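Peer 1: Sharing a structure below in structure tokens format, with a few things to ask.
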Amino acid sequence: MKKDQWVIIVIIIIGSITWTIVWDRVIKKITGYTMLQRLASFIKKWEGGLSRDPNDSASRTPAPWSYRGKTGWHTNKGVTYATFKRYAPSLGYEVTPENFFSMPDPLWLGILKKGFMKSWPLHKIDHLPRIQAVIITWAWGSGNSGAESRLARFQREEMGIKDSNITKAEIVDNFKKRVNILNEKYWFHKLCDRRLQDFKKMRSWPVHGRGWTRRLNDFRKTFG
């Protein structure tokens with residue numbers, strides 16, 4: 001193939017990628033269908049209602065109230081009682097049985113947005129929506145600190161980052177430097193593979209492993 005033909009092909013590929021990005025942003029602007037809404041829809045799809053599962057680590061800090069004659073409730077719609085209590089002062093809601101057991105949508109969404117999404121400088125990687133989705137779902141499932149330690153370990157082991165103390169901001173910066181629109185899908189699936197490996201190491205894998213795997217597979221399909 002002649003040199004000028006290669007130039008034309010490269011120009012077409014770059015133009016196609018650029019158009020895809022621009023069009024995607026235009027659609028989001030028109031519909032208002034943001035990453036927050038996509039994640040909220042996905043998380044709600046997979047989170048159940050109230051839980052008092054003793055195999056869940058959240059059972060160590062249950063709500064101090066009974067509901068329907070039972071105690072030990074520790075999670076509602078994926079929000080643990082500890083998380084619910086932690087963000088009450090900053091989000092302006094009261095720590096009451098009514099708020100925890102009903103978990104109104106505005107309250108739930110506020111926790112997702114301000115408690116998790118705002119904890120990471122995700123605006124730096126708006127061009128990497130798959131990586132954004134990974135960060136937030138890991139934070140939602142493992143807590144911000146848990147996601148920070150797991151993502152830092154991933155970057156050290158899989159991306160060659162030479163740093164013994166990688167912060168949340170540095171995690172985002174590292175993704176920005178090493179991931180682009182051409183290899184984002186590759187890194188997205190590498191991260192999903194790592195998530196599955198981490199799941200299998202958990203003590204409750206025999207109990208929850210099948211459900212976690214289905215959810216992860218749906219996550220790949222939805223955001224990959």
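Peer 1: Which residue is nearest to G115 (Cα to Cα), if the candidates are limited to the range 40-86 and must be crowded, with 17+ Cβ neighbours inside 10 Å and touching a Pro at 6+ places or on another chain (Cβ under 8 Å)?
Peer 2: Only one residue fits best here, namely Y81.
Residues are listed down the side, and each one gets a yes or a no for (1) more than 20 Å from G143 (Cβ to Cβ); (2) modelled with pLDDT of 85 or more:
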| site | (1), (2) |
| --- | --- |
| T18 | yes, no |
| I43 | no, yes |
| S51 | no, yes |
| Y67 | yes, yes |
| G78 | no, yes |
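Peer 1: Any residue in the range 45-59 that's more than 10 Å from T80 (Cα to Cα): show its pairings with residues that are assigned to a strand (DSSP E or B) and not polar (S, T, N, Q) at Cβ separation under 7 Å, as long as the two are six or more apart or on different chains.
Peer 2: R52/K70
Peer 1: What do you reckon, is K113 without any contact (Cβ under 8 Å) to a residue 12 or more places away in the chain, in a helix (DSSP H, G or I) and of a type in the set (K, R)?
Peer 2: No; evaluated as a whole, the condition is false for this residue.
Peer 1: Quick check, is M202 in contact with a helix residue (DSSP H, G or I) (Cβ under 9 Å, 6 or more places away or on another chain) and modelled with pLDDT under 95? Show your work before the answer.
Peer 2: Working: in contact with a helix residue (DSSP H, G or I) (Cβ under 9 Å, 6 or more places away or on another chain): yes; modelled with pLDDT under 95: yes.
Considered against the rule, which asks whether it is in contact with a helix residue (DSSP H, G or I) (Cβ under 9 Å, 6 or more places away or on another chain) and modelled with pLDDT under 95, M202 comes out as yes.
Peer 1: Quick one: in the range 80-123, which of the residues that are charged (D, E, K, R) and over 23 Å from A147 (Cβ atoms) is modelled with the lowest pLDDT?
Peer 2: Only one residue tops the list, namely D105.
Peer 1: So how many residues does the range 31-53 have that are outside any helix (DSSP H, G or I) and under 18 Å from H208 (Cα atoms)?
Peer 2: Within the range 31-53, residues that are outside any helix (DSSP H, G or I) and under 18 Å from H208 (Cα atoms) number 7.
Peer 1: Let me ask another. Within 19 Å of the chain's Cα centre (by Cα), within 19 Å of T222 (Cβ to Cβ) and surrounded by 14 or more Cβ atoms within 10 Å (Cβ to Cβ): does that describe L109?
Peer 2: Spelling it out, L109 is indeed within 19 Å of the chain's Cα centre (by Cα), within 19 Å of T222 (Cβ to Cβ) and surrounded by 14 or more Cβ atoms within 10 Å (Cβ to Cβ).
Peer 1: Within the range 87-102, take every residue that is within 15 Å of P62 (Cβ to Cβ) and in contact with a strand residue (DSSP E or B) (Cβ under 9 Å, 6 or more places away or on another chain) and give me the one that is surrounded by the fewest Cβ atoms within 10 Å (Cβ to Cβ). Before you say what the answer is, go through the steps one by one.
Peer 2: Residues of the range 87-102 that are within 15 Å of P62 (Cβ to Cβ), as a first pass: 95, 97, 100-101.
With the extra rule that they be in contact with a strand residue (DSSP E or B) (Cβ under 9 Å, 6 or more places away or on another chain), the set shrinks to 97, 100-101.
Values: P97: 13, F100: 24, F101: 15.
Per the stated criteria, the residue is P97.
Peer 1: Please tell me if E170 is without any contact (Cβ under 8 Å) to a residue 40 or more places away in the chain and acidic (D, E).
Peer 2: yes
Peer 1: Also, I was wondering about something else. Could you list all residues from the range 54-68 that are at negative phi, part of a loop (DSSP other than H, G, I, E, B) and not aromatic (F, W, Y)?
Peer 2: P54, N55, D56, T61, P62, A63, P64, S66
Peer 1: Residues that are aliphatic (A, V, I, L, M): list the helices (runs of 4 or more DSSP H) wholly contained in the range 116-224 that include at least 3 such residues. Before you say what the answer is, go through the steps one by one.
Peer 2: On the way: elements: 129-158, 168-178, 184-200, 205-223.
So the answer is 129-158, 168-178.
The values are calculated or read from the model by the stated rules, or taken from the named source; none is laboratory data. What you see is a predicted model, and the numbers here were worked out from it, not measured in a lab. Cβ atoms come from the backbone with ideal geometry, glycine included; neighbour counts cover every protein chain shown.
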